[in-house]
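As C-alpha cells, the structure follows; a few thoughts come after it.
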Amino acid sequence: MGIKGSNILITGGSSGIGKETAKQLIALGAKVLITGRDEEKLNKVAQEIGAIPLLFDISDLKSIPAKSREAFILLEGRIDTLINNAGIGVFPRLGEITIENLESVYRTNVFGLTMLTQEIIKPLITQGYGNIINIGSTAALKGFDRGSVYAASKFAVRGLTQSWQSELRKYNIRVTLVNPSEVTTAFAVEDRVEREEEIKKLGTEEIAHTIVSTLQMRDKGFVPEVTVWATNPF
C-alpha cells in the first residue's frame with residue numbers, strides 16, 4: 001500500500017506504540033486519526049505530531065457505532081487502514097482473579113476491538129481493499145506467571161485475526177497480527193507516564209517500524225503474523 005495520501009485510524013494513539021506509529025506514518029504522508037481516553041493528553045499529542053484527535057474509550061461498547069461514524073467524517077469518508085492498538089492488562093495469579101479483572105480487560109482487548117473492526121470493515125469491503133493490523137503480544141503465543149487474564153485476551157486476538165484473514169482475504173483486505181515482546185511504554189503503569197527505554201526491552205520505534213513495513217508491502221502480498229523480540233545484548 002502506498003502510505004502517502006492514505007487515511008489511517010489508530011486506537012490508543014496518544015502514547016506508546018500508537019503514538020510512535022502515528023508519527024512514522026504522518027512523516028510518510030498519511031492522514032492519521034488517533035483515539036484516546038484522556039482528552040488533554042490526546043489533544044496535546046495530536047497537535048505535537050500532526051494527527052487528528054478523537055476522544056474515544058473503546059471499552060464503552062455502546063459508543064462504538066457513533067464514534068466509528070465520527071472517525072469516517074474526520075477522515076473525509078475513507079479509511080484505508082485500522083490499527084487496533086488500544087489495550088490494557090491486569091496480572092493476578094490464579095486464585096486472585098476476579099470477574100472484574102476479566103471483564104475490564106476483555107471489554108477493551110477483545111470486545112471493543114471486535115466491535116470497532118466490525119463497524120470499520122463494512123466500507124472496506126465495499127471499496128474492495130484495506131488493512132487491519134491487530135497489536136497482539138508474545139503473550140498471544142505463550143502464557144506466563146500472572147498472565148491468565150492478559151494472555152487469554154491476546155490469545156483471543158490471535159484467533160480473531162486468523163478468522164478475519166480467512167473471511168476478508170477474498171475482498172483484498174489484509175489482516176496482520178503484530179506481536180511485540182515487552183516494550184518500554186506506559187502500559188500497565190497506573191499514572192500512565194511513559195517509562196524510559198530499557199536496554200533489554202524494545203522501544204516503540206521497532207514496533208512502529210514493523211507496522212509501517214507490513215503496510216508498505218505492495219497489495220499483492222501480506223504478512224499474516226510477525227513477532228518482534230529485543231536482542232537482549234547484555
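Taken across region 54-67, residues that are among the β-branched types (Val, Ile, Thr) and closer than 20 Å to GLU206 by Cα do not occur at all.
Contact map, region 54-74: first residue on the phi < 0 side of the Ramachandran plot and in a helix (DSSP H, G or I), second residue small (Gly, Ala, Ser) and surrounded by 15 or more Cβ atoms within 10 Å (Cβ to Cβ), Cβ cut-off under 8 Å, separation 6 or more or different chains; pairs are LEU61/GLY112; ILE64/GLY112. Taken together, PHE111, PHE187 contain a single residue that is surrounded by 14 or more Cβ atoms within 10 Å (Cβ to Cβ) and either within 24 Å of MET217 (Cα to Cα) or modelled with pLDDT of 95 or more (or both), which is PHE111. Does ALA86 qualify as being in contact with a strand residue (DSSP E or B) (Cβ under 8 Å, 6 or more places away or on another chain), of a type in the set (Gly, Ala, Ser) and part of a loop (DSSP other than H, G, I, E, B)? Yes: the conditions hold for ALA86. Applying a threshold of 8 Å to beta carbon distances and a minimum spacing of six or more residues, or different chains, the list of pairs starting in region 136-156 at a residue that is under 16 Å from LEU113 (Cβ atoms) and ending at one that is assigned to a helix (DSSP H, G or I) and β-branched (Val, Ile, Thr) reads GLY136/VAL157; GLY136/THR161; ALA140/VAL157; VAL149/VAL105; TYR150/VAL105; SER153/VAL105; SER153/VAL110; ALA156/VAL110. Considering region 42-80, the residues that are within 18 Å of the chain's Cα centre (by Cα) and charged (D, E, K, R) include one that is farthest from ALA27 (Cα to Cα), namely ASP60.
Can you pull out the residues in region 77-106 that are out of contact with any helix residue (DSSP H, G or I) (no Cβ under 7 Å at 6 or more places or on another chain) and buried (at least 19 other Cβ atoms within 10 Å of the Cβ)? Of everything in region 77-106, just one residue is out of contact with any helix residue (DSSP H, G or I) (no Cβ under 7 Å at 6 or more places or on another chain) and buried (at least 19 other Cβ atoms within 10 Å of the Cβ), namely ASP80.
Considering only residues of region 126-156 that are outside any loop (DSSP other than H, G, I, E, B) and over 20 Å from the mean Cα position of the chain (by Cα), which is surrounded by the most Cβ atoms within 10 Å (Cβ to Cβ)? The residue in question is SER148. Taking region 32-53 as the range and being buried (at least 21 other Cβ atoms within 10 Å of the Cβ) and not polar (S, T, N, Q) as the test, the residues that pass are VAL32, LEU33, ILE34, GLY36, LEU42, VAL45, ALA46, ALA51.
The values are calculated or read from the model by the stated rules, or taken from the named source; none is laboratory data. Values in this document were obtained by computation on a predicted structure and should not be read as measured data. All Cβ positions, even for glycine, are placed from backbone atoms using ideal geometry, and neighbour counts span all protein chains on display.
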